[in-house]
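Below: the structure, in structure tokens.
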Amino acid sequence: MLDSTLFPYRDGVLSCEGISLGSLADDYGTPLFVTSRNSLLNQYRRFEKAFAGLPHFTCYSVKANFNLHVIRAFAEEGCGCDVNSGGELFRALQAGVDPGKIIMAGVGKTPEDIEYAITSGILLLKAESLSELRQIDTIAGRLGRKVCVGIRVNPNVTAETHPYITTGDSKEKFGIGEADLGDVFELLKHLEHVELNCLDMHIGSQIFDAEFYHAALEMLLDVLATARSAGFDIRYFDIGGGFPVTYDPQKPATPIEHFADKLTPLLETTGTTILFEPGRFLTANSTILLTRVLYRKRNHTGKEFVIVDAGMTDLIRPALYQSHHEILAVRQHDTTIVADIVGPVCESGDFFARERTVDSVGEGELLAVLSAGAYSSVMSSNYNGRLRAAEVMVDGETAKLIRRRDTYEQLIQNEVE
């Protein structure tokens, strides 16, 4: 949930830090993503404090929210970046991230991605197949480089989360299974342009139970022992991200401090620098999606609809993952209604909430869709010819436009006559 000290109601009107959301809507229009910079920093510092007892390095998972200003806020704190494509690498570099603090993951890196990563001088590439290792070696050889690589190991741990965001099960596309690691280590002994120095895992997102990490780590520790006995100098031990945040107050997330208490005793035995890749944990509750009510509608059964100007093109998580987002009226009311909060897109899946109790907002009023800082604007689209929303970052009593709203001209600028 949002930090109520950074998103407070003042005189009955919801604010972000020192600025009312109503004034931001007046200045920048809606739909509008509004991010609290101090929320980002507080969450990062909390994470660092939790794992302060370990030699570690945190790499923000850029895929959660790749706005340059978000990346830069973490980079200025000393954070690195975890990227999954050439485009994300470009964004991290444009935000001023030291390439020596960037790691690249991704099950389907193109040759162009790999070459861009190598020539940029990033810390390491994480490989997910024998073929990818050969590809990295070939490209590094052509460039006259020797490249540090990590192996993403699939620990075959099925965490309790949405099936679309579990990544550590052997049925999924990610990583290399334990049975194939012997072939991997044998291949690496014969590749001249890669050096294995990292073992990596990632078991999914929104993992509430630390025991899933614990089980996966025990397996990865066995792999670490095997790799070292085979002569590899493993200096980094990457356990990914996936730490949970609270979307629904009825389902509060397990505190990050609990994960640190549970995992530190295992991790400190590795004799390595631990790499973390939090994304959602750092950004999800830093941002709201501000939207204006277009129409109130009631059908013949008495069902209520609140139709707003934001839609699944702005925040697709409810449609894609059946995810819960709290919704608040920007101006508080004394009465409530039970309604579907829906967008204008021509899809029945275009909704933010079904049968939700919300304040009895009228047409023209504002709603705030909470927890919109991860996998929201970054997954937005122009479906139905809609313009992607503007984004604003608030720091105290200062607001800064960090992404302009699309224009109609941009919708066709890449199309060839």
Relative to the longest principal Cα axis of the chain, at what angle does helix 111-120 sit, 0 to 90 degrees, rounded to 10?
80 degrees
Once you have the Cα-Cα distance between residue 48 and residue 130, take 0.36 nm times their residue separation minus that, and quote the gain in nm to one decimal.
26.1 nm
Test of the criteria: in the stretch 303-412, which GluC sites (Glu not before Pro) are in a DSSP loop and have at most 15 other Cβ atoms within 10 angstrom of their Cβ?
347, 363, 397
Which parts of the stretch 391-409 would a label at residue 90 reach, counting a residue when its backbone N lies under 18 Å from a point 7 Å out along Cα-to-Cβ?
403-404
Theoretical FRET efficiency, 1/(1+(r/R0)^6), r = Cβ-Cβ of residue 397 and residue 347, R0 30 Å, to 0.05:
0.15
Viscosity 1.306 mPa s, temperature 10 °C: Stokes-Einstein D of the chain from its Kirkwood Cα radius, in µm² per second?
70 µm²/s
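Take the alpha carbon atoms of the stretch 105-278, find their radius of gyration, then divide it by 2.2 N^0.38 Å using N residues; give the quotient. Could the numbers behind the result be given before it?
Values: Rg = 16.5 Å, N = 174, 2.2 N^0.38 = 15.6 Å.
It is 1.06.
Note down the magnitude of the dipole of the chain about its Cα centre, charges +1 on Lys and Arg C-beta and -1 on Asp and Glu C-beta and zero elsewhere, to the nearest 20 debye.
Numbers: 39 positive and 57 negative charges, 88 e Å.
I would put it at about 420 debye.
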Once you keep just the Cα pairs under 8 angstrom separated by 6 or more residues, what percentage relative contact order results for the stretch 105-278?
20 percent
Setting aside same-chain residues fewer than 8 positions from residue 146, which aspartates and glutamates have a Cα under 13 Å from its Cα?
115, 137, 192, 195
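Residue 273 to residue 355: extension gain in nm, 0.36 nm per residue of separation minus the Cα-Cα distance? Mind dumping the intermediate values first?
On the way: separation 82, 0.36 × 82 = 29.52 nm, distance 4.78 nm.
So the extension gain works out to 24.7 nm.
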Put +1 on the Cβ of each Lys and Arg and -1 on the Cβ of each Asp and Glu in the chain; which of 110, 54, 378 then has its Cα farthest toward the positive end of the dipole?
378
Taking 8 Å as the Cα distance limit and 6 or more residues as the minimum spacing, I'd like the relative contact order of the chain as a percentage.
20 percent
Here, residue 190 and residue 303, labelled 7 Å along Cα→Cβ, have an inter-label distance in nm of 6.2 nm
Cα-Cα over 28 Å: which of 63/101; 63/251; 126/189; 251/297?
251/297
Treating the angle as unsigned and between 0 and 90°, give the value, to the nearest 10°, between the Cα long axis of helix 37-50 and the longest Cα principal axis of the chain.
40 degrees
Would you mind checking which residues have amide H under 5 Å from residue 326's amide H? H placed 1.01 Å from N; only 5 or more apart, or other chain.
370
Can you give the net charge of the other residues whose Cβ lies under 9 Å from the Cβ of residue 329, counting K and R as +1 and D and E as -1?
-1
What does the extension gain come out to for residue 26 and residue 336, with contour length at 0.36 nm per residue minus their alpha carbon separation?
109.1 nm
Work out from phi, with θ = phi - 60° and the Karplus expression 6.51 cos²θ - 1.76 cosθ + 1.60, the ³J(HN,Hα) of each residue of the stretch 97-110, listed in order in whole Hz, and give x for Gly and Pro.
6, 4, x, x, 10, 10, 10, 10, 10, x, 6, x, 5, 7
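Just so you know, all these numbers are worked out from the coordinates, no wet-lab data involved. Remember, it's a predicted structure, so these values are computed and weren't measured experimentally. Ideal geometry is used to build each Cβ from the backbone, glycine not excepted, and the neighbour counts take in all protein chains shown.
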